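Here the structure comes first, spelled out in structure tokens, and everything after it is commentary.
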Amino acid sequence: MVGTTSFVKKLGISVMKVSESKSSSWWYNHHMRAASRAILERIPLVDLVLEVRDARIPMSSEYAQLRKFPSSSKNIIVLNKMDLASHSKTKEWMEYFKELNYIPYAINSHNKDNIKEFLNFLQARIRDIRRSTDSSNTQTTTIMLVGIPNVGKSAFANSLHQIGRISATEKGKLKHATVSPHPGETKNITSFKIASNPNIYILDTPGILPPEILDAEISSKLALTGALIDSVVDQSMLAHYFLSILNFSDEYKKWKNISTMDKKENQIINDDHTQDCVVQSVRGALFQEIASFKGKMKDEKDMIQLIEAQFTTLRKAFNVSLDSFEDANSIVATKLINLYRTGRLGHYTLDTLPRTCE
């Protein structure tokens, strides 16, 4: 499920141009180049490498630099943001990675119970490595987190740090990783203690993109999930891409019983687009447009016509009434993408498994 080819191509090409032109001070800037070198130098020295990926794009969010190192028991693929992805598809991707002899683990870095389970798994894995390498007397284990921007590495590091604290004295000396909705905020490699007796340290690293992305489909998925800063992507184009995905999915069918008329006419909707009443209004509006659609989803012209109708309806659902058509659509697009990225409009896995493994 990746939407229509035309939306993927249009969005992907616009992103690729930024990457190829090197005109963006954000794309693979000097911070990323320096961090990339530092990470490559340290990978052979750490005990474990946790490659954090986005569960919505398990393949497209691959950390390309790890290809320079052979797959081994030192590497674990962590599928973060599992709460935003399709549960059944995440299970399939886990099995796929196991078939390739990777060690996968799906997490929600904001779920304490999930982090506790992962920490137990991690400690058991470390014990196995020590036994197999005859290093059971080693007092300190170092683990490196790597990944592309905005897959949630820093939030993951913070959660492991908080859950893994042992003594009350450590509670008073918390050091937090910088967590931001904007990709590329982490600039340096930072160490966090997550366990004692023996000591285990996590190294949080900056998110690194490849110097160029030559695949339009991957570019589109990275843009939609927020791995790229939004200033390099046209928000309306991004919203068109998401709606093409939604329209092909079955997610909207869950909203059948939502009435867009529940909201009183005199009710004022503020700028908080995540308000429950707004979310319900948006869901109901989208369901009605898709359910009443008489065209063919696979026909590009019909799909564009449906999306234009959805934008018109969403202006009412979001209470956007600017005179400028373009400004109104831009606001609608931004609000819509924010709802998608917070999981309020369904759970989607954008990457499809290789045919031989489906």
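Here are some notes:
- Taking label points 7 Å from Cα along the Cα-to-Cβ direction, residue 95 and residue 46 give a separation of 3.1 nm.
- Peptide packing for 286-298, 48-60 was compared via the average number of neighbouring C-beta atoms within 10 Å per residue; ordered from the highest value, the list is 48-60, 286-298.
- Ranked 244, 330, 132, criterion: other C-beta atoms within 10 Å, fewest first: 132, 330, 244
- Dimensions of region 197-249 from C-alpha coordinates, computed as largest minus smallest value along each principal axis and given longest first, are 52, 28, 20 Å.
- Separation of the residue 128 and residue 326 label points, Cα + 7 Å toward Cβ, nm: 5.7
- Taking the number of Cβ atoms within 10 Å of each Cβ as an exposure proxy, the fewest-first ranking of 102, 340 is 102, 340.
- Spatially, region 287-326 and region 35-98 are offset by 37 Å when compared through their Cα centroids.
- If R0 is taken as 56 Å, the Cβ-Cβ distance between residue 308 and residue 64 corresponds to a FRET efficiency of 0.90.
- This ranking places 231, 249 by how few other beta-carbon atoms lie within 10 Å of each, fewest first, which gives 231, 249.
Where a number appears in this text, it was derived from the coordinates with a stated rule and is not lab data. These numbers were taken from a predicted model, which means no experiment stands behind them. Cβ: placed from backbone, ideal geometry, glycine included. Neighbour counts: every protein chain shown.
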